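Every read-out reported here was derived from the displayed coordinates using simple, explicitly stated rules and does not represent laboratory data. None of the values given here were measured: they were computed from a predicted structure. Here the Cβ positions follow ideal geometry from the backbone for every residue, glycine too, while neighbour counts run over all protein chains shown.
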Amino acid sequence: MTSLLDVSGLRLGYGRTMAVKGIDLSVPAGAVVCLIGANGAGKTTTMRGLSGLLRTAAGTIRFDGVDITNTPAHRIARLGIRQVPEGRQVFAEMTVEENLRLGGLQAPDARTFGSRRAQVLEHFPRLQERLSQQAGLLSGGEQQMLALGRALMGAPRLLLLDEPSMGLAPLFVEEIFQIIAELKGHGTTILLVEQNAQAALEIADYAYVLESGHITLHGPGPEVADDPQVIAAYLGGH
């Protein structure tokens, strides 16, 4: 598979504290790659670095063969990298429709915008029912769907999903992972950060384990899921 994202020697931090300490990872086009690890391992920091929200201390980020290291976030978004942040971060005072429109601002014309909107609402029929409702009044699961839908309105070439199941009821967790599986089936390239390691590894083509800012293990999703240390640390020892 052709690699869409290549990260080499990436170091990221806040002030003098390095949270990510020289990691390498690759995301092939059309694949789902997951990054698992405990709280504080550096997962969200990695995502912030990839989306341009945090400047790198060292290392290189290449997207489709082009060096995008320390490119501003708005330019990275224009290249087709869209992040669904941890905690959803929808615009609470705006309606569902207005949130989706913000996600599609860079659509080249009305027809393209309309087709993207139709695709998003096909993925998320609950949003269709709530287009005029304020986003802040949605349930947590519905807000996560809106955050995903807003990102998809940008027709991402690479979708960065940061803890999409965090804080959701089990029914919504199942629904979110079904949607991720659908996106994978349509060829969407996804880098998934997720504490629900079992669900993430079940859907991932390839996986990385991040511990204290270092990649300690990587391989095809099923192989990582079968690793004894991963089972003991992240899969409840089963």
Notebook entry, point to check: Longest exposed-loop-site-free stretch of the chain, with trypsin sites (Lys or Arg not before Pro), DSSP loop and at most 15 other Cβ within 10 Å?
Noted result: 56-238
Margin query: Give me, ordered by chain and number, the residues 5 or more places off T189 or on other chains with an amide H under 5 Å from its own placed amide H.
Written below: G30, L159
Next item on the list: Would you mind estimating how fast the stretch 89-155 diffuses translationally, via Stokes-Einstein at 10 °C and 1.306 mPa s with the Kirkwood radius over Cα pairs, in µm²/s?
Entry: 139
Checklist line | Residue order, fewest to most surrounding Cβ atoms within 10 angstrom, among L127, L217 | finding: L217, L127
Item checked: Rel. contact order, % - alpha carbon contacts under 8 angstrom, at least six apart, the chain -> 26
Check: Which residues' amide hydrogens lie under 5 Å from the amide hydrogen of S3, considering only partners 5 or more residues apart or on another chain, with H built in the peptide plane?
Finding: A29
